[in-house]
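J.: Quick one: structure below, then a few questions.
The values are calculated or read from the model by the stated rules, or taken from the named source; none is laboratory data. Model, not experiment: these values are computed from the prediction. Cβ placement follows ideal geometry from the backbone for every residue including glycine, while neighbour counts extend to all protein chains displayed.
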């Protein structure tokens with residue numbers, strides 16, 4: 001869960017430390033004859049946890065240390081992945097397999113990159129390239145026209161699926177299409 005697309009490194013580490021502190025805080029509110037035994041158990045547990053963490057950080061590749069303590073957000077990481085990509089497949093992954101809002105700050109760069117490469121991708125057809133994953137605003141006009149004009153929207157409401165409403169101007173490729181007389 002420490003990945004940038006999950007809770008992030010800072011939140012992950014904070015939650016791990018909080019998880020070790022909170023039982024001691026809760027123990028302060030406990031009244032009973034087992035309090036000293038519970039306190040001993042918590043101390044032993046904490047020492048084991050601390051020892052295992054020291055052993056863990058002593059044996060891992062320190063190049064990954066930033067994934068535990070960094071403050072980078074998912075959008076910042078996505079932009080970094082796009083800018084530092086070594087090939088088109090890696091750039092594609094950063095630009096079009098993540099939330100589009102993550103790359104908002106570099107949309108002009110992505111648009112230029114797509115414009116400069118799309119004809120090559122369409123002719124070479126690399127395994128990672130799927131023109132349907134590129135939002136229309138990133139495609140050149142001639143490519144949009146070649147792909148059949150403005151794209152159909154990608155989502156459909158439950159009401160449209162079951163036939164309770166009709167969206168005028170959208171093809172009837174639903175599970176329950178309206179009849180021609182609708």
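J.: With the condition kept exactly as written, say whether any residue in region 109-132 is exposed (fewer than 12 other Cβ atoms within 10 Å of the Cβ) and modelled with pLDDT under 85.
T.: Yes, region 109-132 contains a residue that is exposed (fewer than 12 other Cβ atoms within 10 Å of the Cβ) and modelled with pLDDT under 85.
J.: Determine the pairs where a residue that is over 15 Å from residue 89 (Cα atoms) and in the same structural domain as residue 91 (by TED's automatic domain parsing), located within region 114-142, has a partner that is modelled with pLDDT under 85 and part of a loop (DSSP other than H, G, I, E, B) with Cβ atoms under 8 Å apart, the partner being 6 or more residues away or on another chain.
T.: As it stands, the answer is 115/140; 132/151; 136/150; 136/151; 139/147, since those pairs meet every condition given.
J.: Let me ask you something else. Output the residue which, of all residues in region 133-155 that are under 21 Å from the mean Cα position of the chain (by Cα) and outside any helix (DSSP H, G or I), is modelled with the lowest pLDDT.
T.: 154
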